[in-house]
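The values are calculated or read from the model by the stated rules, or taken from the named source; none is laboratory data. What you see is a predicted model, and the numbers here were worked out from it, not measured in a lab. As a convention, Cβ positions derive from the backbone with ideal geometry for all residues, glycine included, and neighbour counts pool all protein chains shown.
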Amino acid sequence: MIPAAQSPLVVEDLDVRIGPVDVVRDLNLAVGRGEFWGLLGPNGVGKTTLLKTFAGVFEPERGGISLDGKRMDERRRRDIARRLGMLPQHTHYAFDATCLETALVGRHPHIKPWARESRADHERARDALADLEMLELAGRSCMDLSGGESRRLALATLLVQDPQVMLLDEPTNHLDPANQVTILNVLHRQVVEARKSAVMALHEVNLATCYCSHVLLLYGNGEWDAGPTDELLTAENLSRLYRCRVRLIDDGRQRVFAVAGGFDRQTR
Ligand SMILES: Nc1ncnc2c1ncn2[C@@H]1O[C@H](COP(=O)(O)OP(=O)(O)OP(=O)(O)O)[C@@H](O)[C@H]1O
């Protein structure tokens with residue numbers, strides 16, 4: 001087992017609260033290289049708030065976060081941006097730029113202020129757009145994209161940034177099932193082949209089962225559970241998590257979780 005100190009993202013004794021919502025109490029976690037963590041919990045439990053805390057942009061009540069062995073609050077923002085990147089839940093583009101120019105913004109933490117992006121930076125941006133099946137849109141304005149295309153462009157920009165730690169807030173938002181699989185395959189390759197570390201908030205439990213090596217479950221009132229996906233993603237835990245009855249369906253080829261309401265009606 002990798003010692004926690006060598007994990008790119010280490011969370012120690014963390015208490016997070018927003019308004020009246022107790023997000024976590026005493027959270028301890030080490031996200032290692034090659035680990036893909038799923039962050040699951042009901043609406044409003046604090047997944048986005050916790051990701052923002054991991055990114056160093058939301059202040060915890062207690063405890064701290066270390067990035068590559070150094071406390072986050074001792075690092076400069078530019079240094080953090082070279083090591084950690086976040087895909088926010090919503091994608092808004094403030095400037096009318098092409099998709100290629102927008103993706104190139106991901107290189108900014110790596111180049112000197114006022115310097116131009118290099119040929120290698122351009123190649124990296126084109127490769128990321130190609131990975132997200134968006135190369136044909138490279139010259140299109142980012143203002144003219146559909147919801148799903150905007151989402152894929154935001155993810156391409158994150159790939160161009162190339163951080164060790166990726167924080168992903170519902171990356172599959174706005175995407176049809178095929179595109180969900182496309183982008184999760186890209187992210188999974190980043191994690192497994194390039195040995196990156198990812199924490200991804202999502203609501204699609206069956207995608208978490210397929211892609212995540214570990215899960216962090218937020219139950220509300222500061223309660224949480226963390227560990228390997230195989231151990232923690234059970235019908236019992238999911239029923240408690242979402243406060244509705246969840247069943248495991250296993251046809252011998254695939255195991256899927258289903259909310260029992262609709263399923264019960266079909267099989268009665
Ligand atoms: N700036 C704020 N001030 C006060 N409360 C806030 C603020 N931002 C968010 N909240 C509240 O904090 C709680 C947690 O919000 P958060 O967005 O982290 O939840 P979430 O688990 O990501 O939700 P969802 O699954 O719906 O995206 C919610 O009740 C939300 O209304």
Fill in the blank from the handout: Going through (1) of a type in the set (D, E, K, R); (2) touching a strand residue (DSSP E or B) at 6+ places or on another chain (Cβ under 6 Å); (3) farther than 30 Å from residue 141 by Cα one by one, residue 204 fails only at (2)
Fill in the blank from the handout: Across (1) touching a strand residue (DSSP E or B) at 6+ places or on another chain (Cβ under 7 Å); (2) in a loop (DSSP other than H, G, I, E, B); (3) closer than 30 Å to residue 223 by Cβ; (4) not aliphatic (A, V, I, L, M), residue 48 clears everything bar (2)
Practice task
For the stretch 219-235, state whether one or more residues are in contact with a Pro (Cβ under 6 Å, 6 or more places away or on another chain), among the charged types (D, E, K, R), part of a strand (DSSP E or B) and within 29 Å of residue 83 (Cβ to Cβ).
Solution key: no
Handout entry: Among the residues listed as 113, 109, the single one being in the same structural domain as residue 97 (by TED's automatic domain parsing), in a loop (DSSP other than H, G, I, E, B) and more than 24 Å from residue 180 (Cβ to Cβ)
Key = 113
Practice task
Select from the stretch 75-91 the residues that are over 20 Å from residue 196 (Cβ atoms) and either away from the ligand (no atom under 16 Å from the Cβ) or part of a helix (DSSP H, G or I) (or both) and list them in ascending order.
Solution key: 76, 77
Practice task
Considering only the stretch 26-60, state which residues are away from the ligand (no atom under 14 Å from the Cβ), at negative phi and either exposed (fewer than 15 other Cβ atoms within 10 Å of the Cβ) or without any contact (Cβ under 8 Å) to a residue 60 or more places away in the chain (or both).
Solution key: 28, 30
